[in-house]
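First comes the structure, then the notes that go with it.
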Amino acid sequence: MNSDRERFLVAVSSAGRTVMRGWWADEAVARGKVRDWIGSHRHLAEPRFTLTDEADSTLLTSWPDEPQPPAMLTA
């Protein structure tokens, strides 16, 4: 894990391959980067943007949203 100075990871992938990553200490700044990067890189093939808190490996947000499993798989 990175230090607390680099706690929040923003990752961009295209067709399942990571193409960009960046770490920030401030969650608000990292969320702004997600928004900005979606605006400038959403044209990628099968784009995926994620923000993860590396302190506990929690996925904070993603775009597009995580698909919901079919109802028959969640029962």
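The values are calculated or read from the model by the stated rules, or taken from the named source; none is laboratory data. Since we're looking at a predicted model, the values are computed, not measured. Methodologically, a virtual Cβ is constructed for each residue, glycine included, from the backbone with ideal geometry; neighbour enumeration extends over all protein chains shown. The area values use the complete protein model at the heavy-atom level, side chains included, leaving out ligands, DNA and RNA. Shrake-Rupley method; radii C 1.70, N 1.55, O 1.52, S 1.80 Å.
Label 7 Å along Cα→Cβ of SER40; the stretch 12-34 residues with amide nitrogen under 16 Å? Counting backbone N atoms under 16 Å from the label point, the list is 12-13, 19-24, 29-34. Solvent-accessible area of ARG42, all protein chains in place: 140 Å² (probe radius 1.4 Å, heavy atoms, ligands and nucleic acids excluded).
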